[in-house]
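> Please read through the structure below; I'll follow up with questions.
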Amino acid sequence: MTVDVQDSPTAPQARGIRQTMSDLHIWTGLLLGWFLFAMFLTGTVSYFKEELSQWMRPEIAHQAVTPEPAVVAGRIAKELDTLAAGTSQWSLRLTDDRHSVADAFWRLPAKEGARRAFKSAVFDPQTGEKVVAARETLGGEFFYRFHFQFHYMPVLWGRWLAGLAAMFMLVAIVSGVITHKKIFTDFFTFRWGKGQRSWLDAHNALSVFGLPFHLMITYTGLVTLMALYMPWGEQAGINSPALKKQLTSELSAFIQPGKPSGEKAPLASVEAMVREAESRWGAGNVARVTATNPGDAAARVAITRGEGGRVSMSPQYLLFDGVSGKLLEDRSGVGAAAETRGVMYGLHLGRFGDDTTRWLYFIVSLAGTAMVGSGLVMWTVKRRQKLPDPDRPYIGFMVVERLNIAAIAGLPLAMSGMLWANRLLPMGLDKRAEWEVHVMFIVWGVTLLHALVRPAKRAWIELFWLGAVSLALLPVGNALTTDRPLWRSLAQADWTFAAVELMFWAFAALLAYLAIRTSRHVPKGRTAPKAKRAAPSGQDGAGAKAAVKATGKAAVKASRMPPPPPSGEAGMALRSGGEGAR
């Protein structure tokens with residue numbers, strides 16, 4: 001008689017913390033990964049936005065030697081008396097090691113029911129006069145603004161979206177560290193040509209290489225806009241006009257114009273005010289001059305300290321009476337909370353350091369861009385191996401794959417399209433600066449269409465090659481459309497202009513390398529299904545012999561088994577947990 005032994009069902013094994021964190025890491029990195037990639041890439045470029053802006057204004061001649069900032073400030077202030085007559089405020093950024101020219105903006109007289117309007121101009125530091133021939137462009141400032149507020153949407157919406165993406169990034173970083181228990185060991189491991197394993201090794205190496213930087217840049221990016229994301233504390237504590245004015249003075253050196261007296265009075269010597277500021281902070285440490293109600297007896301002038309040599313971005317300025325030139329206030333420090341915020345902001349922007357520090361920021365930020373990109377690609381690589389038919393993937397997989405192509409391979413091409421528009425659009429085109437941006441997004445949209453209609457591998461290769469060719473030809477296009485070819489920049493020691501064009505070639509080489517690597521990649525064969533299948537009739541001799549051998553072994557094994565139980569015992573034996581079932 002057969003004994004029916006019932007086994008208790010095995011309870012499902014609980015998921016560990018690493019498995020849970022792995023899922024969190026995957027989905028927080030994927031859902032807004034394309035926005036993060038765009039934020040990282042444009043933010044990386046922004047570390048050299050001043051140099052890129054100079055390249056995008058080739059009409060402004062190279063300044064081998066510039067006059068003292070105080071002299072420049074005095075000249076341009078006199079020019080603004082005529083150019084911005086009647087304005088309630090103008091603000092002038094002075095020349096320094098990274099700005100060979102000065103630029104200023106001023107308020108236009110307010111119209112009834114209209115929003116505030118501004119006008120800007122670039123000035124030659126040698127003469128103080130407005131540079132008329134300079135083309136209209138946003139320059140590198142566009143990439144800086146795009147990386148935290150995007151485009152074609154209200155500024156607040158863009159900043160909310162960027163903050164959400166940054167929060168997802170912070171969660172992805174922390175969960176990634178928890179998931180990879182050997183993450184620091186894996187940093188020294190890289191296996192070429194191993195498919196998914198190679199992508200994971202690259203992702204780990206890029207992540208660990210800049211892990212402190214990635215944590216810092218993500219967290220400080222959130223802190224800089226914390227009042228937008230979490231305004232309730234400020235709304236509860238700063239509830240009077242006086243407190244709001246004090247908060248503004250703690251966070252910004254941009255003084256607001258007061259009520260004019262109506263009595264005309266000439267502006268005192270701005271050059272003397274700048275020299276007094278330099279006597280306190282050192283030569284070359286004055287960044288900006290802001291005047292309110294110039295030409296009125298109630299005029300005020302603020303001289304703002306530069307960002308070099310100090311980590312904090314908290315405002316430091318001297319406030320002068322605009323008519324007498326008397327020092328009214330020395331704002332050389334802020335409260336502890338404002339100073340903490342200023343340090344966070346300064347660490348994020350990285351403007352406190354020299355060229356070496358800026359290059360370190362650039363390299364590690366570029367590694368962060370590659371980290372995000374490799375994570376997006378790894379999502380598709382891992383899941384492609386499990387597809388029943390890789391040539392016909394499900395819709396979700398196809399959407400992720402095509403967005404990856406347009407974001408990772410398409411964005412560099414689109415950014416180069418904006419630079420080509422800077423050289424090729426007519427100088428007198430209405431809203432020329434806006435059309436440069438439009439061209440970038442038009443090209444970006446075309447890359448998405450290209451990714452949708454072309455096979456995935458071909459789309460990767462073609463867009464990488466197009467990006468490489470576009471960047472490589474930019475110095476050639478510049479030589480044909482301006483009088484500042486690369487060889488002349490090198491001969492005149494115009495290192496800023498030359499370095500930008502050499503960087504175009506460096507990025508072109510990187511994209512060409514990616515195109516070559518992609519074209520040579522051969523996907524690993526899919527794993528055969530575990531279910532046994534009958535051998536096809538046309539199998540070769542070796543296959544037939546293997547099948548016969550397996551069949552013989554199965555027959556021998558079957559002959560050694562005990563005979564089946566009688567029909568009365570069969571039902572008992574086949575019940576759940578019985579010998580037959582086991």
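The values are calculated or read from the model by the stated rules, or taken from the named source; none is laboratory data. Remember, predicted model here, so these are calculated numbers, not experimental data. Using ideal geometry, Cβ is built from the backbone for each residue, glycine included, and neighbour counts are taken over all protein chains shown. We work out accessible area using only protein heavy atoms, side chains counted, and drop any ligands, DNA or RNA first. Shrake-Rupley method; radii C 1.70, N 1.55, O 1.52, S 1.80 Å.
> Determine, from the Cβ-Cβ distance of residue 216 and residue 252 and an R0 of 25 Å, the FRET efficiency 1/(1 + (r/R0)^6), rounded to the nearest 0.05.
0.60
> Out of the total accessible area of region 343-396 (probe 1.4 Å, heavy atoms of protein only), what percent is carbon and sulfur?
62
> With θ set to phi - 60°, apply the Karplus curve 6.51 cos²θ - 1.76 cosθ + 1.60 along region 85-91 and write out the HN-Hα couplings as whole Hz, x wherever there is a Gly or Pro.
4, x, 6, 8, 6, 9, 9
> Next question, about the same structure. State in Å² the accessible area per residue of region 192-325; use a 1.4 Å probe, count heavy atoms of protein chains only, and round to the nearest integer.
49
> Residue by residue, what Karplus-based ³J(HN,Hα) values in Hz, rounded to whole numbers, does region 450-467 have, using 6.51, -1.76 and 1.60 with θ = phi - 60° and x for Gly and Pro?
Those phi angles translate into 4, 5, 6, 9, 9, x, 4, 5, 5, 5, 4, 4, 5, 5, 4, 5, 4, x Hz.
> Could you give me D for region 279-388, from Stokes-Einstein at 25 °C and 0.890 mPa s, where the hydrodynamic radius is the Kirkwood radius over C-alpha pairs? Units µm² s⁻¹, please.
139
> Can you tell me the convex hull volume per residue for region 335-378, based on C-alpha atoms, in Å³ to the nearest whole number?
69
> Then there's this: Simple spin-label model, 7 Å along Cα-to-Cβ: residue 395 to residue 452 in nm?
Going by the 7 Å Cα→Cβ label model, 1.4 nm.
> Residues with amide H under 5 Å of residue 140's amide H, sequence separation 5 or more or different chain, H placed in the peptide plane at 1.01 Å from N; which?
Here 53 satisfy the definition.
> Still on this structure: Can you quote the Å³ per residue value for the convex hull of the Cα atoms in region 365-506, rounded to an integer?
126
> Under 11 Å from a point placed 7 Å out from the Cα of residue 110 along the Cα-to-Cβ direction: which residues of region 249-278 have their backbone N that close?
257-260
> Another question, then. In debye, nearest 20, what is the charge dipole magnitude of region 93-173 about its Cα centre with +1 on Lys and Arg Cβ and -1 on Asp and Glu Cβ, if you could check?
I would put it at about 380 debye.
> Now for a different question. Just grab the label-to-label distance for residue 230 and residue 242, each label 7 Å out from Cα along the Cβ direction, in nm (one decimal).
2.9
> Could you tell me which residue out of 85, 155, 101 lies farthest along the dipole of region 84-162 toward its positive end? Charges go on the beta carbon: Lys and Arg +1, Asp and Glu -1, centred on the Cα centre.
With unit charges placed on the Cβ atoms, the residue in question is 155.
> Between residue 65 and residue 506, what is the label-to-label distance in nm when each label sits 7 Å out along the Cα-to-Cβ direction?
Placing both labels 7 Å beyond Cα along the Cβ direction yields 3.0 nm.
> Follow-up question, since we're still on this one. I'd like the trypsin sites (Lys or Arg not before Pro) in region 311-405 restricted to DSSP loop residues with at most 13 other Cβ atoms within 10 Å, sorted by number.
326, 386
> Any idea of the accessible area per residue across region 411-498, 1.4 Å probe, to the nearest Å²?
Per-residue accessible area for region 411-498 comes out at 47 Å².
> Using the Karplus curve 6.51 cos²θ - 1.76 cosθ + 1.60 with θ = phi - 60°, what ³J(HN,Hα) values do you get for each residue of region 162-179, in whole Hz, with x for Gly and Pro?
These are the phi-based 3J(HN,Hα) values: 5, x, 5, 5, 5, 5, 4, 5, 5, 5, 5, 5, 5, 5, x, 5, 5, 5 Hz.
> Please list, in chain and number order, the residues 5+ apart from residue 89 or on another chain whose amide H is under 5 Å from its amide H, with Hs placed from the backbone.
When sequence neighbours closer than 5 places are left aside, the close amide H contacts are 107, 293.
> If you don't mind, there's one more thing I want to ask. Give a quick list of GluC sites (Glu not before Pro) in region 219-286 that DSSP marks as loop, anything other than H, G, I, E or B, with at most 14 other Cβ atoms within 10 Å.
Sites meeting the loop and neighbour criteria: 263.
> Would you please give the residues with an amide H less than 5 Å from that of residue 351, counting only those at least 5 places away or on a separate chain, with H modeled from the backbone geometry?
Amide H to amide H, under 5 Å and 5 or more residues apart or across chains, residue 351 pairs with nothing.
> Give the residue list of trypsin sites (Lys or Arg not before Pro) in region 55-122 that are DSSP loop and have at most 16 other beta-carbon atoms within 10 angstrom.
98, 111, 115, 116
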